[in-house]
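The values are calculated or read from the model by the stated rules, or taken from the named source; none is laboratory data. Computed from a predicted structure; not experimentally measured. Cβ sites come from the backbone with ideal geometry, for glycine too, and all protein chains shown count toward neighbours. Heads up: the accessible areas ignore ligands, DNA and RNA and are worked out on the full protein's heavy atoms, side chains in. Shrake-Rupley method; radii C 1.70, N 1.55, O 1.52, S 1.80 Å.
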Amino acid sequence: MSHTLNLYLVGPMGAGKSTIGRLLSSELDLNFIDSDREIEERCGTNIPWIFDKEGEEGFRAREESTIDDLTQKTGILLATGGGVVMRPANRKNLAGRGTVVYLRTSVDQQLARTSRDKNRPLLQTTDPRAVLEDLFSVRDPFYQEIADIVIQTDQRNPKNVVNEILRRLVENNIIDANDEDTYS
Ligand code: S3P
């Protein structure tokens with residue numbers, strides 16, 4: 001089924017955007033897209049390589065054009081990278097073209113979920129906690145600014161978070177609880 005709903009998941013590294021996005025997209029019959037995977041496909045390489053060769057600014061430029069393209073699609077659930085809110089154009093495109101759900105997550109939880117990850121260049125440091133705390137203080141206001149719905153994800157399993165998002169989407173009249181064909 002095709003419909004015009006667009007959902008964008010934002011939040012820090014380790015918030016669970018990809019896991020929750022996949023589950024939620026199948027509940028809502030939306031096409032799941034992960035912007036980081038899309039950037040990698042377009043570039044033919046991985047994110048650590050892009051950061052290494054082009055720096056964070058090079059990655060952000062690629063991210064901005066990818067977000068601009070992806071937010072012009074309809075019927076998608078887009079999981080974004082944690083730094084997407086740093087560029088004003090991304091904030092404008094996400095806020096203006098769909099419903100933004102912020103998966104708000106404590107630094108402790110982010111650390112627990114990212115501790116063994118080698119694919120996040122910003123965390124390849126001796127003190128990932130300090131990095132995540134700094135990023136949280138800069139980015140949390142931006143996530144809040146563009147979010148239609150804020151969900152705290154700490155200590156919760158993905159299914160439970162998905163159910164809360166569905167409930168909040170109904171409450172906000174973004175989806176119709178009775179439209180069982182589309183949202184069952
Ligand atoms: C980043 C988060 C990553 C990825 C890149 C930069 C960030 O995405 O876009 O490593 O700046 O927070 P995830 O949030 O999916 O880990």
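Quick check: residue separation of residue 73 and residue 49 times 0.36 nm, minus the Cα distance between them. What number comes out in nm?
Working: separation 24, 0.36 × 24 = 8.64 nm, distance 2.75 nm.
Gain in length upon complete extension: 5.9 nm.
On a full-extension model of 0.36 nm per residue, what is the gain between residue 129 and residue 167, subtracting their alpha-carbon distance, rounded to one decimal in nm? Each step should come with its number before you reach the end.
Values: separation 38, 0.36 × 38 = 13.68 nm, distance 3.26 nm.
Length difference between fully extended and current span is 10.4 nm.
What's the ranking of 167-174, 36-43 by average number of surrounding C-beta atoms within 10 Å, highest first?
Numbers: 167-174: 13.6, 36-43: 16.5.
Put in order of decreasing packing, that is 36-43, 167-174.
Rounded to the nearest 0.05, what FRET efficiency do residue 42 and residue 177 have when you use their Cβ-Cβ distance and R0 = 45 Å? All intermediate terms of the calculation are to be shown ahead of the outcome.
Numbers: r = 37 Å, r/R0 = 0.83.
Computed FRET efficiency for residue 42 and residue 177: 0.75.
Tally up the carbon and sulfur contribution to the accessible surface of segment 65-146 as a whole percent, 1.4 Å probe, everything protein left in place.
On the way: 1840 of 3840 Å².
Answer for segment 65-146 is 48 percent, counting heavy atoms of protein chains only.
Would you mind computing, in nm to one decimal, how far apart the modelled labels at residue 140 and residue 57 are, each placed 7 Å from Cα along Cα→Cβ?
Each label point is offset 7 Å from its Cα along the Cβ direction, giving 3.0 nm.
Mind ranking 35, 106 by accessible surface for me, highest first, 1.4 Å probe? Present the calculation step by step, with values, prior to reporting the outcome.
Values: 35 0, 106 40 Å².
In descending accessible area the options line up as 106, 35.
Using amide H atoms built 1.01 Å from N in the peptide plane, name the residues 5+ places from residue 34, or on other chains, whose amide H lies under 5 Å from its own.
79
Calculate the spin-label point distance for residue 150 paired with residue 26, positioning each point 7 Å from the Cα along the beta-carbon direction, and give it in nanometres.
Placing both labels 7 Å along Cα→Cβ, they lie 3.1 nm apart.
Can you list the equivalent-ellipsoid semi-axes of the chain, largest first and in whole Å, using the square root of 5 times each Cα gyration tensor eigenvalue? Don't skip to the end; give the middle numbers.
Values: eigenvalues 141, 73, 41 Å².
Computed over the chain, the values are 27, 19, 14 Å.
Averaged per residue, what accessible surface does segment 7-177 expose to a 1.4 Å probe, in Å²? Please list the in-between numbers first.
Numbers: 8040 Å² over 171 residues.
Accessible area per residue, segment 7-177: 47 Å².
Could you give the angle, 0 to 90 degrees to the nearest 10, between helix 128-146's Cα long axis and the longest principal axis of the Cα atoms of the chain?
Helix 128-146 sits at roughly 40 degrees to that axis.
Compare the peptides 95-104, 13-22, 63-72 by average per-residue count of other Cβ atoms within 10 angstrom and give them in order, highest first.
Values: 95-104: 20.2, 13-22: 21.8, 63-72: 18.4.
So the order, starting with the most tightly packed, is 13-22, 95-104, 63-72.
Which lysines does residue 53 reach when only Cα atoms under 27 Å apart count, and residues fewer than 8 places away in its own chain are ignored?
17, 118
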